[in-house]
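> Sharing a structure with you now.
The values are calculated or read from the model by the stated rules, or taken from the named source; none is laboratory data. Quantities reported herein were computed from a predicted structural model and do not represent experimental measurements. Cβ sites come from the backbone with ideal geometry, for glycine too, and all protein chains shown count toward neighbours.
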Amino acid sequence: MMTPGNQPIAHYDAVIAGGGLGGLQCGYILAKNGLNVCVLEKNPVLGGCLQSYRRRGAEGIQEFDAGMHYVGGLDAGQPLHAIFNYFGLLELPWARMDGGAFDEVNINGRSYMFANGHDSFVEKMCEYFPAQRGNLKKYVSILKEVGERLPMSLSPKAAEDVLTGSLFARSAYEFLCETITDPLLREVLAGTSLKMELGPNLPLYTFAQINNSFIESAWRLCGGGSLIADSLAESIRKMGGTVLTGKEVTEILPSGVFCGEEFLGAKYIISDMHPATTINLVGDSAGLRKVYRNRINRLENTFGMFTANLALKPGMVPYLNRNQYVYNLDDGESLWSGYGAGKGKLLVSYYNRSRKGAGSGSVEKFGTGIAGCGIGTPLQGRDCALALDLLAPMDWEEVAAFENSRVGQRPQEYAGLKERKLKECLGLAGRVIPGLESAVERAYTSTPLTYRDYTATAQGSAYGIRKDCNNVMLTLLTPKTPVENLFLTGQSLNLHGVLGVSMTSFFTCAQIIGMEAATRDLEF
């Protein structure tokens, strides 16, 4: 309970509001450097979009991921390998995806496979577009250059150059149009981009960095994204830090934060929440000017996602060690033209794991040289999928009528909307998985409303604030805020995704302890 005069029930060097990937990584970095940290998560489960949840299926308890489905750049010598080594995450059961076809893009019934490795990627694309070899080489050379420059961005001067230079201030779409002369190939190359929101003002840096990391290498995590969150939390506690769930930050003051009536004092405060959510929690005593509040609240958000987590009947659907992106485009329609309601765009992600076993394929434990299943007894029927995730873009406007409702208390009209969206997704997925609808045992669906309620993300945005290459300085946020000891982290600042959020965590902590200390033991 709050003590007289707002005396804190505890005092920390740093309080971190939000136990998503960015918040936990910041807690890890600061605890590693000797700070007494406390990470606060409003939900009973840590992880934000890393959360996994369990439901019963035909093969026992199935575990579904809320947001993370695969990562890129995890091979030795690649950026995410160095970052996960720093955070002690390489020991988790990572499974390499099909190097010859880690992604499949299906446009109007025709499939195109994406291969790992820059040269192999070009060769595979040339099977479909032989006349574009020279242009494809130019394309991957830019992606590779962006990836190679990533470690250098951790120096303050280099970071400034990236933010103000041509890559963030250049349109990804214009780059593709200038580099690739075949219109269909342009669509194919953009086809794995449900990992971001395509649009004419998407910065080239965002497009290139994300796509490059997956071309380098692609990996699944057997056991769910919650393994990352749990590992980081355990490490923070071992280093003397505190991680608390069920603690919602309700007000931010210069001297600490309120969780209901409890006041926790802090020298520094880091928010892993959406910037608009953060700013709206800053109390008047912080002296935050109205112009800054308005600026943050007026920034546009990327679209949200409709997600259908499907528990499958045994032996009905073959397991594929790749993701499938399925599109139904009308004549003259482009993937760059937006994601309006009813548009045929879908990501299919396969699973054949449960709590008692790992996914198909070997799991490589970095640092030990051990290859095997990693987290338990191999499943029976390893060539069959036990579960599927279907993800489709969903605009906030589709659910805005229900924004005052909460999980478990939605009106019947909302349930009807989800049922219609599920049928649309099953119909589109059926183009690459014939008979899918009859193979579904149970379906668990969510919308941007669900993400808003569980992650405190404005409008349930999938990728945070929308970046604009024509307005870089407004839409790219720095960790610093006008409140001297309040800092931001997470996907809305610079880059989203596991790699982007991880890099941002170092930038945020550097504001407190300096970049040299923050990146000590980070070896690219």
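> Residue pairs, Cβ under 7 Å, 6 or more apart or interchain, first in the stretch 268-288 and under 18 Å from Gly23 (Cα atoms), second among the acidic types (Asp, Glu) and surrounded by fewer than 21 Cβ atoms within 10 Å (Cβ to Cβ). List them.
Every condition considered, the pairs that remain are Tyr268/Asp13; Leu281/Glu251.
> Looking for something over 24 Å from Asp65 (Cα atoms) and either in contact (Cβ under 8 Å) with a residue 40 or more places away in the chain or in a helix (DSSP H, G or I) (or both) - is there at least one such residue anywhere in the stretch 218-236?
Scanning the stretch 218-236, I find no residue that is over 24 Å from Asp65 (Cα atoms) and either in contact (Cβ under 8 Å) with a residue 40 or more places away in the chain or in a helix (DSSP H, G or I) (or both), so the answer is no.
> Please tell me if Leu30 is within 20 Å of Val243 (Cα to Cα) and buried (at least 19 other Cβ atoms within 10 Å of the Cβ).
yes
> Residue check: is Tyr205 at pLDDT below 95, closer than 30 Å to Val122 by Cβ and not in a loop (DSSP other than H, G, I, E, B)?
yes
> Does Ala101 count as touching a Lys or Arg at 6+ places or on another chain (Cβ under 6 Å) and either touching a residue at least 60 places away in the same chain (Cβ under 8 Å) or among the small types (Gly, Ala, Ser) (or both)?
Yes, satisfied.
> What are the residue pairs meeting all of these: first residue in the stretch 168-197, first residue aromatic (Phe, Trp, Tyr), second residue part of a strand (DSSP E or B), Cβ atoms under 6 Å, and 6 or more apart or on different chains?
Within 6 Å, the pairs are Phe168/Pro203.
> Against the condition buried (at least 20 other Cβ atoms within 10 Å of the Cβ), at pLDDT 85 or above and in contact with a strand residue (DSSP E or B) (Cβ under 7 Å, 6 or more places away or on another chain), how does Ala387 come out, does it pass?
It is true that Ala387 is buried (at least 20 other Cβ atoms within 10 Å of the Cβ), at pLDDT 85 or above and in contact with a strand residue (DSSP E or B) (Cβ under 7 Å, 6 or more places away or on another chain).
> Mind telling me which of the residues Thr450, Thr508, Thr445 ends up being buried (at least 24 other Cβ atoms within 10 Å of the Cβ), outside any loop (DSSP other than H, G, I, E, B), of a type in the set (S, T, N, Q) and out of contact with any Asp or Glu (no Cβ under 7 Å at 6 or more places or on another chain)?
Unique residue meeting the criteria: Thr508.
> Still on this model: State the number of residues belonging to the stretch 464-473 that are closer than 27 Å to Leu40 by Cα and either of a type in the set (D, E, K, R) or surrounded by fewer than 23 Cβ atoms within 10 Å (Cβ to Cβ) (or both).
Matching residues across the stretch 464-473 total 1.
> For the stretch 462-479, indicate whether the set of residues that are closer than 27 Å to Asp272 by Cβ and part of a strand (DSSP E or B) is non-empty.
Yes.
> What number of residues within the stretch 402-417 are closer than 23 Å to Ile465 by Cα and at pLDDT 95 or above?
Residues meeting the conditions: 1.
> In the list Leu476, Leu499, Leu488, Leu493, which residue meets the criterion of being closer than 30 Å to Asn212 by Cα, at pLDDT below 90, buried (at least 18 other Cβ atoms within 10 Å of the Cβ) and not hydroxyl-bearing (Ser, Thr, Tyr)?
Leu476
> Please list, ordered by residue number, the strands (runs of 3 or more DSSP E) wholly in the stretch 18-119 having 2 or more residues that are over 30 Å from Ser141 (Cβ atoms) and under 22 Å from the mean Cα position of the chain (by Cα).
Filter on the stretch 18-119 gives 37-41, 52-57, 60-65.
> Every residue in the stretch 243-291 that is touching a Lys or Arg at 6+ places or on another chain (Cβ under 6 Å) and not in a strand (DSSP E or B), please.
Once the filter is applied, which keeps residues that are touching a Lys or Arg at 6+ places or on another chain (Cβ under 6 Å) and not in a strand (DSSP E or B), the stretch 243-291 yields Glu248, Ile279.
> If you don't mind, another one. Scan the stretch 403-437 for residues that are touching a residue at least 40 places away in the same chain (Cβ under 8 Å) and either more than 30 Å from Ser111 (Cα to Cα) or of a type in the set (Gly, Ala, Ser) (or both) and jot them down.
Matches in the stretch 403-437: Glu403, Ser405, Arg406, Val407, Ala429, Gly435.
> Look at the stretch 292-320 and say how many of its residues are part of a loop (DSSP other than H, G, I, E, B) and under 20 Å from the mean Cα position of the chain (by Cα).
4
> Restricting to the stretch 120-158, what's the tally of residues that are assigned to a helix (DSSP H, G or I), in contact (Cβ under 8 Å) with a residue 12 or more places away in the chain, out of contact with any strand residue (DSSP E or B) (no Cβ under 9 Å at 6 or more places or on another chain) and among the aliphatic types (A, V, I, L, M)?
Residues that pass the stated criteria total 8.
> How many of the residues making up the stretch 285-331 are of a type in the set (A, V, I, L, M) and surrounded by fewer than 12 Cβ atoms within 10 Å (Cβ to Cβ)?
Count: 1.
> If a residue must be of a type in the set (A, V, I, L, M, F, W, C), modelled with pLDDT of 80 or more and within 14 Å of Thr206 (Cβ to Cβ), how many such residues does the stretch 130-166 contain?
4
> Exactly one condition in (1) at pLDDT below 95; (2) crowded, with 24+ Cβ neighbours inside 10 Å; (3) over 18 Å from Leu21 (Cα atoms) is not met by Pro482; state its number.
All conditions pass for Pro482, except number (2).
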